[in-house]
1. Mind ranking B:143-155, A:82-94 by how tightly packed they are, going by the mean number of other C-beta atoms within 10 angstrom, highest first?
2. Which entries of A:61/B:99; A:61/B:104; B:104/B:187 show an alpha-carbon separation above 19 angstrom in the structure shown?
3. Name the residues whose placed amide hydrogens come within less than 5 Å of the amide hydrogen of residue A:72, ignoring near sequence neighbours (fewer than 5 apart) on the same chain.
4. Find the Rg to Rh ratio for the stretch B:21-221, where Rh is the Kirkwood radius over alpha-carbon pairs and Rg uses the same atoms.
5. Can you work out the Karplus-derived ³J(HN,Hα) for every residue in the stretch B:87-93? Use 6.51 cos²θ - 1.76 cosθ + 1.60 with θ = phi - 60°, whole Hz, and x for glycine or proline.
6. In whole angstrom, how far apart do the alpha carbon centroids of the stretch B:108-172 and the stretch A:42-94 sit?
7. Helix-only mean residue ellipticity at 222 nm, chain B, DSSP H runs n ≥ 4 weighted -39,500 (n - 2.57), per residue, nearest 500. What is it?
8. Starting from the Cα gyration tensor of the protein assembly as shown, multiply each eigenvalue by 5, take the square root, and state the resulting semi-axes largest first in whole Å.
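The numbers here are math on the coordinates, done by the rules we state, and not lab data. Note that the coordinates shown come from a computational prediction; the quantities given were computed from them, not determined experimentally. Every residue, glycine as well, gets a Cβ built from its backbone with ideal geometry; the counts of neighbours run over all protein chains shown.
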Amino acid sequence: MGIANESRQEEQNMREEHHGAGRYWLIWGLLLVLTFVTVETGQIHIPTWGLVLALVIASTKGALVLLYFMHLIDHRGANRLVFAVSIIFVVLLLAIPLVDLGTRFRGATPPGSTYSDMQAIDIGADAEEGRYGGGIRKQGKTGEESGAPKQ
Amino acid sequence: MQSSSHAAGGTAQPVPHLAGHFASLEVQNHAARLGMWLFLATEILLFAGLFICYGVYRFLFPEAWAAASRSLDLQLGTINTVVLITSSLTAALAVHYAKEGKNKMVAVQIALTLVMAVGFLVIKYFEYHHKFEIGTLPGRFYSYEGIQLPGVPLYFTVYFCATALHGIHVVIGMIVLAFSMVRALKKADFGPNNYTMVELGSMYWHLVDLVWIFLFPMLYLV
């Protein structure tokens, strides 16, 4: 019964809230404005909060797409639950490795990274190729002017 | 597995077939949407894996990340974002017209979506081509002298994996929408009771847009 009620409710929402096409154009306008805002603020390169701001704007845009273009606002129960659970798992997936890396013993972080005292590992096949995995083109210059420490 | 009463209707009926194991058309539509959301959840988690790679390596190599993201062409990235958002609008409008039974408009809107999708891929091709020219490539294929920092090749590994996976999704989305377009032109049977095909195809397209909405600032801006 619960499922049947839910289906009926959803069907009604999808039908009754069948407004004109104007709402889609409005959302589109908002998305373009937010894109403009994120491009403008992104170019300032705000030190720490730049990433946070960009993600907040992206999440707002994502929410608009989900709720109105994908009609999640008209959908009921199970659909919302499925989506919410997937987002919870994304957050968990992101948080756990970052907490791990952020609290690691310094010597256990990858060599060459900001949190390591060791030099980057040479993943090139020979000395001609860059130490940082940057294979300098053999026929070209060797990249002396880049200022990177050479062996 | 059609219930006999509906199978008797034959091909003339514009109403979609109701499978025998569903109580009503409403329940069937609900099940179709739920199935699509479940599938989209797996898609979100598929892309989440790449986002986590991005987060972890950005945390470890912040300087490389900043330098590499500034080497991308912001202008092309912004144009692509606008193209994809607009294509999402036309995909949403296609569902809108499908509900009203305006099959011709459905076909037109999907055609516009497909044109913009092709535009997106063409711009992406030029971006990739430039990267192959200057050598900002993943791993040991990296040969760009302008940025020599530990971790830079990793940025381009993430860049190429994420944008290529997204590109594959664009192509799949185009195929799915093309099927709806052909149906809208040939059978022209979309209407208030039968728009699930357009709706689900459009939902897939919006997911493609959604992923790009996050990829764009992460790769090009910050």
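1. B:143-155, A:82-94
2. The pairs that break the limit, which is 19 Å between Cα atoms, are A:61/B:99; A:61/B:104.
3. It is A:67, by chain and number.
4. Value, to two decimals: 1.07.
5. In residue order, the calculated couplings are 5, 5, 4, 5, 5, 5, 5 Hz.
6. 23 Å
7. Dividing the helical sum by the residues of chain B leaves -26000 deg cm²/dmol.
8. Equivalent ellipsoid semi-axes, largest first: 46, 22, 18 Å.
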